[in-house]
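A.B. asks: Once you've had a glance at the structure underneath, I'll fire off some questions.
The values are calculated or read from the model by the stated rules, or taken from the named source; none is laboratory data. Here the structure is a predicted model, which is why all the values come from computation and not from measurement. Counting neighbours? That spans all protein chains shown, and the Cβs are built from the backbone with ideal geometry, glycine included. The area values use the complete protein model at the heavy-atom level, side chains included, leaving out ligands, DNA and RNA. Shrake-Rupley method; radii C 1.70, N 1.55, O 1.52, S 1.80 Å.
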Amino acid sequence: MKISNLINSLMIMLTLAAFLIQFLIDFSTVNIACSIIIFCSGLSTILYLRWTNALESHPLSSFAILGLSITTLTGAIWVQSLSWVAVSASLRQPIVTFSWLAFYSALSIIAHSIYRLKASPSKIYKPNFLRRLFDDWGIYDYQSVSVIWIIGVFGLICILFSKVLPVANGFSYLAWMPFLIPLIHMKIGKDFCNLKYHMFFLVLHTLVIVLLAMFFNSRGQLLFGFATVFLLLFLNLLRSHALVSVGHLYRAGLIIVVLFSLSIPASNLATAMVMARDERSLVSPIKTIESTINYFVDQGKIDNYRYRKLYEKNRFDYDETYITNPLLARLVTTKFHDNTIYFAEKISDLDADAVQGISFEFLWLALPTPVLEWLQPNIQKSNYLFSSGDLLAHYAIGTSLSGYKTGSIFAQGMLIFGLLFPIIYFGFLFVLFSVIDIFAKRSSSGFSELSIIGMLNIWPNFLFGLTNDSLHSMFIGVFRGAFQATFLFLIAVFFAKLIAKTFNVTSRAKSS
């Protein structure tokens, strides 16, 4: 059996097992109906990837489809079944939410099937102008290990100054670039680097990032790199044609044991960072690190905090509690969609017009401040320090326009465009697929290799590739974010090569 078929089969078995467990947890009509919806939708996505060559020809967009399914549907039933919690628990209208999410997941599969027709094996592949340009610029090339380290250290510096220099925030994602060294080594081999030597420095690099994450009290920084590596390994396994061997099973078992062993302390660290967050505005960042460590080593305080949060969620009109594990809660976004879909249905027609007007005003915020002040002087960015989730909750249940509550393009789109939104979304999917796939280079045989930018963006594309917090965030991501990331990456590579050239080291290695 191929490794790809084994992983696909394991996902099917996991989904089936979680589905059956839900019958034992809660046999109510609502919970069983939700489980059936999730099972059918999740199985459709998994089988689509199994029965087609989508992951070979279009790995990034195909993985985004899987990401939409896992982060909204199958991930919910996997995690809740493992925690012995009903998948419908803590949701405002679970059947409605899961039905809409399954509908949009089905739309993404249909659109992707049509999108892939131009890549039929019977057709000769011809790269378009933008792909040829990216190839000339070296976007699809693997950089040397020295260049990768220079860029990684530069990314660390940018994280440190990201709060005072906005431009530094755009480069900060490059701090995780050294985590690609083992993955590139798997493809190129010993000619790329001495992996054992670099693994030592990779551990030190990781510790620095953990300290910076605690310094800024940012769980996102802590999660980004680890999620990137895990998802890239997952994608490689889903695409592997190698036959399963005893060695593969042994290494897979070892990885599972290591991940399970690390999951508990990682979860506790994430909770400790949340507990220290309340003190962040009152003390120095160094004190925040100290508080985080103190909470981390006190399991009793962590447990009490989690129980208190579960108790408090029933006392407020708005809550985001669904998955109790703080790390897995960043992966499963079901609750956010449930909240905003519920809020959208509660908003009157008059207030819906107000939401529509503000939503379109947000599109102007994608422009640089000088350009915005020239074109739309009446729109000031300082007046829009709230999210689409804040906006929908404000008009639905009267909460303040603050807190940056996570929204949903599905709820916002249906509120603004009504039944036209599924058609609009279906058409926009072709744009999303094209932008996501631009960072993978397809050979004449039809097999695609991921570029470094494609690797570094695997986590945000998996989490929000086909959905987002808001319509304007998705618009910005498509028409500005992807090309801005490319521009910043090229700048970083250019200067890293200059530094590397000073020490007479090779700065480029071909990816294929």
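A.B. asks: Among the residues of region 238-254, which ones are out of contact with any Leu (no Cβ under 8 Å at 6 or more places or on another chain), assigned to a helix (DSSP H, G or I) and in contact (Cβ under 8 Å) with a residue 12 or more places away in the chain?
C.D. replies: Filtering region 238-254 down to residues out of contact with any Leu (no Cβ under 8 Å at 6 or more places or on another chain) leaves 240-243, 245-254.
Filter again for assigned to a helix (DSSP H, G or I), leaving 246-254.
Within region 238-254, 248 is the sole residue that qualifies.
A.B. asks: Test each condition in (1) farther than 14 Å from residue 470 by Cα; (2) surrounded by 20 or more Cβ atoms within 10 Å (Cβ to Cβ) for residue 383 and report the one that comes out false.
C.D. replies: Every listed condition holds for residue 383 apart from (2).
A.B. asks: Across region 331-352, what is the total count of residues that are of a type outside the set (Val, Ile, Thr), outside any helix (DSSP H, G or I) and buried (at least 16 other Cβ atoms within 10 Å of the Cβ)? Please lay out each step first, then the result.
C.D. replies: Of all residues in region 331-352, those of a type outside the set (Val, Ile, Thr) come to 331, 335-339, 342-346, 348-352.
The next check asks that each one be outside any helix (DSSP H, G or I); those that pass are 331, 348.
Next, only the ones that are buried (at least 16 other Cβ atoms within 10 Å of the Cβ) stay: 331.
Matching residues across region 331-352 total 1.
A.B. asks: Restricting attention to region 438-454, does a residue exist that is at pLDDT 90 or above and closer than 24 Å to residue 365 by Cβ?
C.D. replies: No, region 438-454 contains no residue that is at pLDDT 90 or above and closer than 24 Å to residue 365 by Cβ.
A.B. asks: Being open to solvent by less than 10 Å² (accessible area, probe 1.4 Å) and either touching a residue at least 60 places away in the same chain (Cβ under 8 Å) or more than 20 Å from the chain's Cα centre (by Cα) (or both) is true for just one of 98, 27, 39, 103. Which residue is that?
C.D. replies: Working: 27 fails: open to solvent by less than 10 Å² (accessible area, probe 1.4 Å); 39 fails: open to solvent by less than 10 Å² (accessible area, probe 1.4 Å); 103 fails: open to solvent by less than 10 Å² (accessible area, probe 1.4 Å).
When all the criteria are applied, what remains is 98.
A.B. asks: Turning to a different aspect of this structure: Out of 379, 341, report the one residue that is at pLDDT 90 or above and hydrophobic (A, V, I, L, M, F, W, C).
C.D. replies: 341
A.B. asks: Only residues that are surrounded by fewer than 17 Cβ atoms within 10 Å (Cβ to Cβ), touching a Cys at 6+ places or on another chain (Cβ under 9 Å) and in a helix (DSSP H, G or I): list them for region 156-183, please.
C.D. replies: Residues satisfying the conditions are 167, 169.
A.B. asks: Look at region 45-68 and say how many of its residues are open to solvent by 20 Å² or more (accessible area, probe 1.4 Å) and within 17 Å of residue 230 (Cα to Cα).
C.D. replies: Matching residues across region 45-68 total 0.
A.B. asks: Would you please list the contacts, defined by Cβ atoms under 7 Å and residues six or more apart or on different chains, that run from a residue in region 477-494 that is open to solvent by 30 Å² or more (accessible area, probe 1.4 Å) to a residue that is aliphatic (A, V, I, L, M)?
C.D. replies: From residues that are open to solvent by 30 Å² or more (accessible area, probe 1.4 Å), the pairs are 480/366.
A.B. asks: For region 413-474, which helices (runs of 4 or more DSSP H) that fit wholly inside it have 2 or more residues that are farther than 17 Å from residue 66 by Cα and of a type in the set (Val, Ile, Thr)?
C.D. replies: Details: elements: 421-437, 452-456, 458-464.
Hits in region 413-474: 421-437, 452-456.
Rundown of residues vs (1) surrounded by fewer than 19 Cβ atoms within 10 Å (Cβ to Cβ); (2) over 23 Å from residue 60 (Cβ atoms); (3) among the polar types (S, T, N, Q); (4) touching a residue at least 60 places away in the same chain (Cβ under 8 Å), yes/no style:
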| residue | (1), (2), (3), (4) |
| --- | --- |
| 396 | no, yes, no, no |
| 402 | yes, yes, yes, no |
| 411 | no, yes, no, yes |
| 414 | no, yes, no, yes |
| 429 | no, no, no, yes |
| 443 | yes, no, yes, yes |
| 455 | no, no, no, yes |
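A.B. asks: Being under 19 Å from residue 466 (Cβ atoms) and open to solvent by 50 Å² or more (accessible area, probe 1.4 Å) is the filter here; which residues of region 416-427 pass it?
C.D. replies: 417, 420, 423, 424, 426
A.B. asks: What tally of residues in region 219-233 results from selecting those that are surrounded by fewer than 17 Cβ atoms within 10 Å (Cβ to Cβ) and within 18 Å of residue 272 (Cβ to Cβ)? Can you show your working first?
C.D. replies: Residues of region 219-233 surrounded by fewer than 17 Cβ atoms within 10 Å (Cβ to Cβ): 220, 230, 233.
Right, trim to within 18 Å of residue 272 (Cβ to Cβ) and you get 220.
Matching residues across region 219-233 total 1.
A.B. asks: What number goes with the only condition from (1) farther than 15 Å from residue 410 by Cα; (2) of a type in the set (Ser, Thr, Tyr); (3) modelled with pLDDT of 80 or more that residue 369 does not pass?
C.D. replies: Unmet for residue 369, out of (1) farther than 15 Å from residue 410 by Cα; (2) of a type in the set (Ser, Thr, Tyr); (3) modelled with pLDDT of 80 or more: (3).
A.B. asks: Which residues, counting only those in region 353-371, are assigned to a helix (DSSP H, G or I) and either crowded, with 17+ Cβ neighbours inside 10 Å or within 29 Å of the chain's Cα centre (by Cα) (or both)?
C.D. replies: Those that are assigned to a helix (DSSP H, G or I) and either crowded, with 17+ Cβ neighbours inside 10 Å or within 29 Å of the chain's Cα centre (by Cα) (or both): 355, 356, 357, 358, 359, 360, 361, 362, 363, 364, 369.
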